[in-house]
Amino acid sequence: MHRATTGRTLGLAVGLATALAGTGAQAQTAEVLHYWTSGGEARAVAALQEEFEAAGGTWVDAPVAGGGGDAQATVLRSRVLAGDPPTAVQIKGPNIHDWAAEGVLANLDAVAAEAGWDDILPPLLRDIVTYDDQYVAVPVNIHRVNWLWINPEVLAEVGAEVPTTWDEFNATADALLEAGITPLAHGGQPWQDATVFETVVLGLGGPDFYRQALVELDADALTSDTMIAVFDQMRRITGYVDPNFPGRDWNLATGMVMNGEAAMQIMGDWAKGEFAASELTPDEDYLCVPTPGTSGFVLNSDSFAFFEVEGDDRVAGQDLLAGLILGESFQETFNLFKGSIPARTDLDRSAFDACAVRSMEDLDSAVAEGSLVPSMAHEIAIGRAPRGAFLDVVTQHFNSDMSSQEAVELLLEEVELAM
Ligand code: BGC
């Protein structure tokens, strides 16, 4: 691994940036593959680009549109197979370990030691970004998936309170339908269907059931009465979305909540990045509450991994970028734009808005109570193949008249094939 053998350190990389800025003697280049193309996401990634360029780096932007990152994953694999990996890529969860196991990721231990990552990262993120006790990626944030975004004025039109259980959600949604209002803004893409699905799993089954079904892939849990009830609830939800939902991007669905075309959206807090980009204020213009029946925390976290590449400028660019990502001021700026909370847990909370502070508090209590669960839809819980089985069945069910019984049987079959 090049960093271990050359003894390169973050101090050296940043020092070089300062000493050589403008001389052109040691270029630091990073081609960054990512899928952050919505309004809020673009603001967040632009903040990283600015920080990198201010430190002397040359940023080559490589965005691949497509929420949830499925389109980017295809591009990444073909580039690696073609022997042309990007210098930096936004990936996460077991994918990081899979790429590390193939021996293609750079070892970031020198940068990590220099910047003290062991002291500033919570164990739950360290596990994600280390492989064989070595840092192979750097986490940039913590996203919470189980959020319900609400337009309070629209809810008030039917005199409804914020729903805290799925029964209350259904009653509110029925009242909204009755009043001619679309209850749920949704984009019919497999990862968005799966996002809703996993919040229903947590809301109806609780954290232990969630883990059995979506992490351990336990056959009894997958075919249980609870899972039948989950698909029953998904069936009800199909009645709460507007007819134009197929294929809609998630940020357009967030826009429907903003402009009052729909009352609510179930989406991770990258949706907050959209509200923030439109200068809307939480608890006034919109509400952020946990999805019905959940007090726990469905964890998603974005990270950058760095492929082994040729060229001193690219290696120096990787070191520089890796070192900047966990910087205090960058963590604050980036996460305010992105809608997430910082990856490091030692930052002052005063700059953060009400939803972010709620997320930080709920994360702490979820860790203490054992109700922190990894996201299946967002690739933290399981690898791509079993996740693909869930996405396939959940989407098929959402777009057909498949019964809940048929859905659980198909789910078991597809998950077992993928294992
Ligand atoms: C990523 C977020 C991203 C969202 C929509 C999630 O899986 O973790 O960073 O904003 O997908 O693309």
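The values are calculated or read from the model by the stated rules, or taken from the named source; none is laboratory data. Worth saying up front: this structure is predicted, and the values here are computed from it rather than measured. FYI the Cβ positions are ideal-geometry reconstructions off the backbone, even for glycines, and counts take in every protein chain you see. Heads up: the accessible areas ignore ligands, DNA and RNA and are worked out on the full protein's heavy atoms, side chains in. Shrake-Rupley method; radii C 1.70, N 1.55, O 1.52, S 1.80 Å.
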Inset, instruction - For region 74-87, indicate whether the set of residues that are under 22 Å from Ile142 (Cα atoms) and at pLDDT 95 or above is non-empty. - result: no
Inset, instruction - Looking for whichever is within 16 Å of the ligand (Cβ to nearest atom) and open to solvent by 50 Å² or more (accessible area, probe 1.4 Å) here; the options are Ala65, Ala88, Ala71. Which one fits? - result: Ala65
Legend entry - Failed criterion for Gly339 (all others in (1) within 26 Å of Ala366 (Cβ to Cβ); (2) away from the ligand (no atom under 15 Å from the Cβ) hold): (2)
Inset, instruction - Enumerate the pairs (first residue in region 51-69 and over 30 Å from Glu379 (Cα atoms); second residue anywhere and at pLDDT below 95) with beta-carbon separation below 6 Å, excluding pairs fewer than 6 apart on the same chain, so at least 6 apart or on different chains. - result: Ala55/Ala17; Gly56/Ala17; Gly56/Ala21
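On the basis of being assigned to a helix (DSSP H, G or I) and within 30 Å of Asn251 (Cα to Cα), does Thr199 make the cut?
yes
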Inset, instruction - Would you be able to say whether some residue in region 188-204 is away from the ligand (no atom under 16 Å from the Cβ), open to solvent by less than 30 Å² (accessible area, probe 1.4 Å) and among the hydroxyl-bearing types (Ser, Thr, Tyr)? - result: no
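Just need a number here: residues in region 250-273 that are within 10 Å of the ligand (Cβ to nearest atom) and open to solvent by 20 Å² or more (accessible area, probe 1.4 Å). Quick ask: steps written out before the conclusion?
Restricting attention to region 250-273, the residues satisfying the condition of being within 10 Å of the ligand (Cβ to nearest atom) are 250-251, 267-271, 273.
Filter once more, so that each one left must be open to solvent by 20 Å² or more (accessible area, probe 1.4 Å): 251.
So the answer is 1.
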Inset, instruction - Search region 397-416 for residues that are in contact (Cβ under 8 Å) with a residue 60 or more places away in the chain and pair each with any residue that is buried (at least 19 other Cβ atoms within 10 Å of the Cβ) and not in a helix (DSSP H, G or I) when their beta-carbon atoms are under 6 Å apart and the residues are at least 6 apart or on different chains. - result: Val415/Leu217
Legend entry - Residues satisfying the stated conditions in region 155-168, i.e. within 15 Å of Ile266 (Cβ to Cβ), part of a helix (DSSP H, G or I) and either of a type in the set (A, V, I, L, M) or open to solvent by less than 70 Å² (accessible area, probe 1.4 Å) (or both): Leu155, Trp166
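In region 207-220, which residues are free of Cβ contacts under 8 Å to residues at least 24 places away in the same chain and surrounded by fewer than 22 Cβ atoms within 10 Å (Cβ to Cβ)? Outline the logic, then answer.
Let us first name the residues in region 207-220 that are free of Cβ contacts under 8 Å to residues at least 24 places away in the same chain, namely 208-209, 212-213, 216, 218, 220.
Residues satisfying the conditions are Asp208, Phe209, Gln212, Glu216, Asp218, Asp220.
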Legend entry - Odd one out for Arg235 among (1) assigned to a helix (DSSP H, G or I); (2) open to solvent by 10 Å² or more (accessible area, probe 1.4 Å); (3) within 16 Å of the ligand (Cβ to nearest atom): (3)
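Go over the candidates Ser365, Ser350 one by one and state the one that is away from the ligand (no atom under 16 Å from the Cβ) and touching a Phe, Trp or Tyr at 6+ places or on another chain (Cβ under 9 Å).
When all the criteria are applied, what remains is Ser365.
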Inset, instruction - Identify all residues within region 311-336 that are open to solvent by 10 Å² or more (accessible area, probe 1.4 Å) and either among the aromatic types (Phe, Trp, Tyr) or closer than 23 Å to Pro122 by Cβ (or both); write none if there are none. - result: Gly323, Leu324, Gly327, Glu328, Ser329, Glu332, Thr333, Leu336
Inset, instruction - From (1) open to solvent by 20 Å² or more (accessible area, probe 1.4 Å); (2) over 21 Å from Ala381 (Cβ atoms); (3) touching a residue at least 12 places away in the same chain (Cβ under 8 Å), pick out the condition that doesn't hold for Thr226. - result: (2)
Inset, instruction - Answer yes or no as to whether Asp401 is in the same structural domain as Glu332 (by TED's automatic domain parsing) and surrounded by fewer than 14 Cβ atoms within 10 Å (Cβ to Cβ). - result: no
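For Leu391, state whether it is open to solvent by less than 40 Å² (accessible area, probe 1.4 Å) and either within 22 Å of the chain's Cα centre (by Cα) or assigned by TED's automatic domain parsing to the domain that holds Ala137 (or both). Reasoning before the result, please.
Details: open to solvent by less than 40 Å² (accessible area, probe 1.4 Å): yes; either within 22 Å of the chain's Cα centre (by Cα) or assigned by TED's automatic domain parsing to the domain that holds Ala137 (or both): yes.
So Leu391 fits the description; yes.
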Legend entry - Matching entry among Glu51, Glu114, Glu102 (being more than 30 Å from Val298 (Cβ to Cβ) and either open to solvent by 20 Å² or more (accessible area, probe 1.4 Å) or under 19 Å from the mean Cα position of the chain (by Cα) (or both)): Glu114
Inset, instruction - Name every residue in region 274-286 that is open to solvent by less than 10 Å² (accessible area, probe 1.4 Å) and either within 13 Å of the ligand (Cβ to nearest atom) or of a type in the set (A, V, I, L, M, F, W, C) (or both), in order of residue number. - result: Phe275
